[in-house]
Amino acid sequence: MKYILMILTIIAISGCSDNKTENLSKVKKFWTTEKEETHLLHRQDSSKWDMNLFNNDLQNLMEETDLPLESGVFPTPNYDLIGEGSFKGVGNFGYAGGKGFEKKISNKTILYNSFFVGASDVNRQFIGGKNNEVFFEIIVLTDFVDTINYTHLLSEIVSRNHPHYIGQGFYKTKNSKIDYLAFITADQNAYAIINMRLFDLNFGKTILIAPQKDHTFRSMQIKSPKISTEEIENYTDKLLKQQDIIDFFTRNGNI
């Protein structure tokens with residue numbers, strides 16, 4: 001009797017596990033190869049373009065900036081072709097009004113920025129009940145803050161690749177410049193490039209950068225939890241109290 005019960009239990013667990021795997025597989029197939037192929041066709045089909053977005057972008061061409069990449073105006077397929085209400089916004093957190101959020105470690109100045117995407121059918125299965133998903137955070141050591149014109153930093157994130165998103169920015173120190181770019185795809189592949197160093201953000205979305213007196217750089221990648229903008233500042237404050245992080249930003253050779 002005990003053996004029969006054990007066998008039934010194993011079958012039940014196995015069945016639940018199989019069902020869970022099957023359900024997870026179904027959920028993760030929101031963005032499929034077929035959808036990507038259709039999306040690419042829509043990019044070349046003028047009947048699918050959102051002309052309001054196009055004309056708005058055309059009227060708001062940015063002046064030349066020090067951002068790593070110049071933004072171009074491309075016709076964009078209507079966002080709802082991906083799914084009605086599939087876009088819920090993108091943004092920065094840490095870069096406010098051009099000023100940036102400033103932190104301190106001893107006498108060192110730390111600045112940070114992050115990119116986030118609003119919760120929608122595209123990413124909800126990956127982020128649970130959070131309102132949005134921070135997919136990249138950069139924390140930098142600097143010795144230069146322009147408190148008048150704020151020329152020491154700039155950041156932007158764009159949604160025109162929906163359901164994929166890309167952001168970029170820079171920080172200037174007295175003698176160097178930190179350029180960064182980060183993107184996330186609908187199937188949760190995320191990467192960043194910082195001064196031509198490539199980071200796979202699936203192995204840590206928080207990147208620390210310490211410019212050196214000899215004009216080189218040091219980096220540290222932190223395996224962060226799933227986090228929203230409601231949590232990112234508190235998370236950053238806790239990070240900056242960790243001894244290994246303090247050591248990273250205060251070691252000899254740093255600016």
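The convex hull of the Cα atoms of the chain, projected and averaged over all directions, covers 18.5 nm².
Between region 191-252 and region 72-126, the C-alpha centres lie 18 angstrom from each other. Taking a threshold of 26 Å on the Cα-Cα distance, which of the pairs 88/108; 104/130; 108/226; 130/223; 88/226; 88/238 fall above it? In this structure, 88/108; 104/130; 108/226; 88/238 lie more than 26 Å apart at Cα.
As a proxy for reagent exposure, ranking 251, 218 by other Cβ atoms within 10 Å from fewest up yields 251, 218. Projecting label points 7 angstrom from Cα along Cα→Cβ for residue 61 and residue 215 puts them 3.4 nm apart.
Here each label is just a point 7 Å from Cα along the line to Cβ, and for residue 29 and residue 203 those points are 3.1 nm apart.
The calculated 222 nm mean residue ellipticity attributable to helices in the chain amounts to -8500 deg cm²/dmol, summing -39500 (n - 2.57) over DSSP H runs of n ≥ 4 and dividing by all residues. Amide H contacts of residue 88 (H built 1.01 Å from N, in plane; Pro and chain starts excluded): 118 sit under 5 Å, all sequence-distant by 5 or more or on other chains. In this structure, residue 36 and residue 78 have a Cβ-Cβ separation that, at R0 = 25 Å, corresponds to a calculated FRET efficiency of about 0.95.
Any read-out appearing in this document is the output of simple, stated calculations on the displayed coordinates, not a laboratory observation. Just so it is clear, the model here is predicted, and its values are computed rather than measured. Neighbour counts are summed over all protein chains in view; Cβ atoms, including those assigned to glycine, are modelled from backbone coordinates with ideal geometry.
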